[in-house]
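**Q** What follows is a structure written as structure tokens; I'll ask about it next.
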Amino acid sequence: MNEKPDLGALFGAPAETRTFLGLPACSDLDTLAAPIAVIGAPCATPYASVGAYCRHAPDALRRVTASLAANIDRHDFDSGGAVFPAAHLMAADCGNLPFDEADPAGNRDVIRAAVATVLARNAVPVLLGGDDSIPIPMIDALAHAGDHRKYTILQIDAHIDWREIHMGERLGLSSTMRRASEMPHIERIVQVGARGIGSAATADYEDALAWGVKFVPAYDLHKRGIEAALDLIPDGSQIVLCVDADALDPALIPGVIGRAPGGLTYYQVVDLIKGAAGRGRIAAADFVEFMPERDIDDIGALTLARLITTTLGVLARQADRR
């Protein structure tokens, strides 16, 4: 018997769910009323050699949450209650942004404009990537929020993304944190989870240190605990959360291009996110580099979607404190 049972029906989920967790849809950002906007960003600045290889991630993450669409108000142990404690704190799913692999500048403009609109609506953007070039225009948009704030980036990633240029491209996924470091509104970068071999050279790592980046490699986090990272975030910080799926161990998220042993656990990342929110305010977040085609039986999609769900719960409680 090869036919799989409809487990969503067991949980009472509707026959068709198009949004993340069955959240209310918002097709026009100019009318956004929710305090959190979930936005799919399938592509920003792809390398010509691979194209938009994570383009299917936003829809895969939505699909894997469909079975829980009828249970969004149930008790969530990772949130300490319902994910959204009240109706007015519920996020909205604003769908996917359009993209054109042949027009990276246009893609960045679309992402930047969408994030700027969400910020103008006094909401927190949560981007579902897409590859790790997505954060560049997201972070850039924060400069135009009109409040002249300075931001701390908490990057959770197996790689440091400090290449000046890679494959002829300065705005690709290997250069994300270097580009962020050049933005005047970024005053601090804390990079957590680096391990193994990435595209960065030792000189790139040294440039990051010279700029002032604080690194907590995966090995150090396992040995010293999450406080090794959280202690680097001052109280009252405005925080940009950048999560690359490959930061977690590939046993948890196999759907990444650079599998490497020694990754972070689900609860280590949860505690980093909750701990960061306890130190300051998360102003924007992205979850990138999930590749459904490399996943195994949706294990990675489930893990990353669960992490996003927990983050939405954190953001809802943050909004309730305003």
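The values are calculated or read from the model by the stated rules, or taken from the named source; none is laboratory data. This is a predicted model, so every value here is computed, not measured. Cβ: placed from backbone, ideal geometry, glycine included. Neighbour counts: every protein chain shown.
**Q** Condition test on ILE197, is it within 25 Å of LEU272 (Cα to Cα) and at pLDDT 95 or above? Before the answer, list the steps.
**A** Details: within 25 Å of LEU272 (Cα to Cα): yes; at pLDDT 95 or above: no.
When the stated conditions are applied, ILE197 does not pass them.
**Q** Does the range 174-181 include one or more residues that are assigned to a strand (DSSP E or B) and either modelled with pLDDT of 95 or more or touching a helix residue (DSSP H, G or I) at 6+ places or on another chain (Cβ under 9 Å) (or both)?
**A** So in the range 174-181, the residues assigned to a strand (DSSP E or B) come out as none.
No, the range 174-181 contains no residue that is assigned to a strand (DSSP E or B) and either modelled with pLDDT of 95 or more or touching a helix residue (DSSP H, G or I) at 6+ places or on another chain (Cβ under 9 Å) (or both).
For (1) touching a helix residue (DSSP H, G or I) at 6+ places or on another chain (Cβ under 9 Å); (2) hydrophobic (A, V, I, L, M, F, W, C), each residue gets a yes or a no:
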residue: ALA260; (1), (2): yes, yes
residue: GLY263; (1), (2): yes, no
residue: ILE273; (1), (2): yes, yes
residue: PHE290; (1), (2): yes, yes
residue: THR303; (1), (2): yes, no
residue: LEU307; (1), (2): yes, yes
residue: ARG322; (1), (2): no, no
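Here is a yes/no grid of residues against (1) farther than 15 Å from LEU29 by Cβ; (2) more than 15 Å from the chain's Cα centre (by Cα); (3) of a type in the set (Val, Ile, Thr):
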| position | (1), (2), (3) |
| --- | --- |
| VAL126 | no, no, yes |
| LYS150 | yes, yes, no |
| ASP157 | yes, no, no |
| ILE160 | yes, yes, yes |
| ARG163 | yes, yes, no |
| GLU182 | yes, yes, no |
| ILE197 | yes, yes, yes |
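**Q** With (1) of a type outside the set (Lys, Arg); (2) more than 17 Å from ALA52 (Cβ to Cβ); (3) in contact (Cβ under 8 Å) with a residue 12 or more places away in the chain as the list, and ASP147 as the residue in question, which single condition is left unmet?
**A** (3)
**Q** Which of the residues belonging to the range 283-322 are assigned to a loop (DSSP other than H, G, I, E, B), surrounded by fewer than 23 Cβ atoms within 10 Å (Cβ to Cβ) and charged (D, E, K, R)?
**A** Of everything in the range 283-322, those that are assigned to a loop (DSSP other than H, G, I, E, B), surrounded by fewer than 23 Cβ atoms within 10 Å (Cβ to Cβ) and charged (D, E, K, R) turn out to be ASP295, ASP297, ASP298, ARG321, ARG322.
**Q** While we're looking at this one, here's another question. Counting only residues that are in contact with a helix residue (DSSP H, G or I) (Cβ under 6 Å, 6 or more places away or on another chain) and either surrounded by fewer than 20 Cβ atoms within 10 Å (Cβ to Cβ) or in a helix (DSSP H, G or I) (or both), how many does the range 143-168 have?
**A** Residues meeting the conditions: 3.
**Q** With the requirement that a residue be aliphatic (A, V, I, L, M) and buried (at least 17 other Cβ atoms within 10 Å of the Cβ), what does the range 73-114 give you?
**A** Within the range 73-114, ALA82, VAL83, LEU89, MET90, ALA91, ALA92, LEU97, VAL110, ILE111, ALA114 meet the criteria.
**Q** If you scan the range 271-302, which residues turn out to be within 19 Å of ILE134 (Cβ to Cβ) and either at pLDDT below 95 or touching a strand residue (DSSP E or B) at 6+ places or on another chain (Cβ under 7 Å) (or both)?
**A** ILE273, ILE282, ALA283, ALA284, ALA285, ASP286, PHE287, VAL288, GLU289 - these are the residues of the range 271-302 that are within 19 Å of ILE134 (Cβ to Cβ) and either at pLDDT below 95 or touching a strand residue (DSSP E or B) at 6+ places or on another chain (Cβ under 7 Å) (or both).
**Q** Continuing with this model, one more query. How many residues does the range 182-209 hold that are under 28 Å from TYR267 (Cβ atoms), of a type in the set (Gly, Ala, Ser) and assigned to a loop (DSSP other than H, G, I, E, B)?
**A** 5
**Q** Let me ask another. Read through the list (1) in contact with a helix residue (DSSP H, G or I) (Cβ under 8 Å, 6 or more places away or on another chain); (2) of a type in the set (Ser, Thr, Tyr); (3) within 19 Å of HIS159 (Cα to Cα), then give the number of the only condition that SER237 fails.
**A** (3)
**Q** Within the range 257-305, how many residues are in contact with a Phe, Trp or Tyr (Cβ under 7 Å, 6 or more places away or on another chain) and closer than 28 Å to ARG121 by Cα?
**A** 2
**Q** Mind checking which residues of the range 253-276 are closer than 20 Å to TYR53 by Cβ and either of a type in the set (Lys, Arg) or touching a Ser or Thr at 6+ places or on another chain (Cβ under 6 Å) (or both)?
**A** Passing the criteria: ILE253, ARG259.
**Q** Among the residues in the range 230-242, are any more than 23 Å from LEU142 (Cα to Cα), of a type in the set (A, V, I, L, M) and either surrounded by 12 or more Cβ atoms within 10 Å (Cβ to Cβ) or touching a strand residue (DSSP E or B) at 6+ places or on another chain (Cβ under 6 Å) (or both)?
**A** Just the residues of the range 230-242 that are more than 23 Å from LEU142 (Cα to Cα), to begin with: 231.
Still in the running and of a type in the set (A, V, I, L, M): none.
For the range 230-242, residues more than 23 Å from LEU142 (Cα to Cα), of a type in the set (A, V, I, L, M) and either surrounded by 12 or more Cβ atoms within 10 Å (Cβ to Cβ) or touching a strand residue (DSSP E or B) at 6+ places or on another chain (Cβ under 6 Å) (or both): absent.
**Q** Can you run down the residue pairs with Cβ atoms below 8 Å, 6 or more apart or on separate chains, where the first is in the range 229-248 and more than 25 Å from LEU304 (Cβ to Cβ) and the partner is charged (D, E, K, R)?
**A** PRO234/ARG188; PRO234/ARG279; ASP235/ARG279; GLY236/ARG279
**Q** Since ARG188 meets every condition but one in (1) surrounded by fewer than 16 Cβ atoms within 10 Å (Cβ to Cβ); (2) at pLDDT 95 or above, which condition does it not meet?
**A** Checking ARG188 against (1) surrounded by fewer than 16 Cβ atoms within 10 Å (Cβ to Cβ); (2) at pLDDT 95 or above, the one that fails is (1).
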